[in-house]
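The values are calculated or read from the model by the stated rules, or taken from the named source; none is laboratory data. Only a predicted model underlies this, so the values are computations on that prediction, with no experimental measurement involved. Quick reminder, even Gly has a Cβ in these numbers, built from the backbone with ideal geometry, and neighbours come from all protein chains shown. With ligands, DNA and RNA removed, areas are computed over all heavy atoms of the protein, side chains included. Shrake-Rupley method; radii C 1.70, N 1.55, O 1.52, S 1.80 Å.
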Amino acid sequence: MVKPRAIPKNSTCLRAGDYLPYLRGALRTSAAPPGAAEEVFGPLLPDRRLLATPTGRHALWAFLQTAPLREGDEVLVAAYNFYVVVRLLVQRGLVPVFVDVEPETLCMDPDALRARLGPRSRMVLVTHLYGHPADLGRIARVCRERDLLLFEDCAHAVGTLHEGRQVGRAGDGALFSFGVEKLINSFGGGLLAARPELLRDFAPPAINVSRRLSLGDTFTRFIYTAAMSPGVYRSLIRPASRALGWASPAARRSVREFFEPSKDDPAYRFHVESRPPFKPFMAEMQARQLRRLEENVSRRRELVARMRRGLSRVGEVRLLDMDRHGRANASYFAAVVPDPYGLAEHLRRRGVGAHPQEFLDCSMLEQFRPYRADCPAARHASGSVVRLPSYPTLSDADADHIVESVASFYAGAARPR
Ligand SMILES: *Cc1c(COP(=O)(O)O)cnc(C)c1O
């Protein structure tokens, strides 16, 4: 009899002590003092000015306010992306120009970037997607030659290195995110790291939200995080979810939507005051997790290496070249497969959380129709990438179970033609 497993898709695996700053400060609604971010992230990002923000998208928004950009300027951005990032560009009056990705890393392809440059090009927004370092050497060179602003989306990339250095310092600005799905999780919070000149005269907007929103928002994220810790997930969430599934498949679907929000919401609009300000407990939680960053990244990389070895014998699975331009932090383990939805369903039945639609080809989304472009690698990724668990509290046996579950899906699917 095989022991049933319950492996959540993602877990930041906070230790009990990491919750303490939140529990101590949970009822406070005040913002952290300016300088809180410098104290925590200064050593990782020397030579940058740091601004703590309510979320990662607020950091991008702040940059778009302070950078020398005019309405109608073009921003080159990878097509395979998080739609919210593109949405912010459009909301600021900029024109997104979609650039295809490298099939090996799913990050912006520098050759495709060159081909899409034009007289109105003003900025490049490069994403270190899945914690894979993008080809910063070549992309930064294009920006220097053409006098373009360079912004790095490092939402997945704390601990990702390019030429041995933390990414986020190659150009004019970078965003980091500390949401519940990210490698460092402080129940929200973000960071803008920018060239000091850009922030010299910038006064971030005051964030006035109701006490209810302020406390409720972080509390929801605390609950979500606790639910995704492996022990709670195994003993509470998965059994509850199965019971709910028997009782009401529709209710189960809506719970799943809460845990896996849509990656394309045409009604989304960014509001500065949609989230509480960056709070003091967030900085403390981040500091604790940063101290374990290298340990966290090496265990993730070890697990991913083990699963890659196992999966190399499954012909249907194509693995990415995550270290092509540096060192990936292995915060996401993405594989390119046929039928990712079928595979994810099969994995869920075997107790393995997997997400078949982590990001989309934004150049094909209806909401970005005016900016439509032909990006074959992004389009292919949209329909064929599955995210597998890779967090540091997985055991080697868990990793082997994941591999074996993937292999059994394709063995069982011995397709008649
Ligand atoms: C999460 C994420 C962001 C934004 O972070 P928030 O803190 O949710 O605003 C930006 N880009 C990517 C690729 C992300 O995954």
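Overall, the accessible surface of region 49-137 at a probe of 1.4 angstrom is composed of carbon and sulfur to the extent of 46 percent. Based on alpha-carbon centroids, what's the gap between region 223-288 and region 368-384 in Å, whole number please? Result: 28 Å between the Cα centres.
Beyond 32 Å, how much of the Cα-Cα pair distribution for the chain remains, as a whole percent?
In whole percent, the share of Cα-Cα pairs in the chain beyond 32 Å is 34.
For the chain, the Cβ-based charge dipole about the Cα centre amounts to some 1120 debye (Lys, Arg positive; Asp, Glu negative; other atoms uncharged). Sequentially through region 300-312, phi angles give Karplus couplings (6.51, -1.76, 1.60; θ = phi - 60°) of 4, 5, 5, 5, 5, 4, 5, 5, 4, 4, x, 6, 5 Hz, Gly and Pro residues having no value and appearing as x. Ligands, DNA and RNA left out, the 1.4 Å accessible surface of region 326-409 is 56% carbon and sulfur atoms. Which part of region 318-357 falls in the paramagnetic zone of ASP264, meaning amide N under 16 Å from the point 7 Å along Cα-to-beta-carbon? Within reach of a label on ASP264, which here means backbone N under 16 Å from a point 7 Å along Cα→Cβ, region 318-357 contributes 340-341, 356-357. Look at where the Cα atoms of region 91-149 and of region 24-48 average out, and the two centres are 30 Å apart. Phi angles across region 104-114 convert, under the Karplus curve 6.51 cos²θ - 1.76 cosθ + 1.60 with θ = phi - 60°, into 3J(HN,Hα) values of 7, 10, 6, 9, 3, 8, x, 5, 5, 4, 4 Hz, Gly and Pro given as x.
Per residue, the accessible area of the chain comes to 43 Å², computed with a 1.4 Å probe over protein heavy atoms only.
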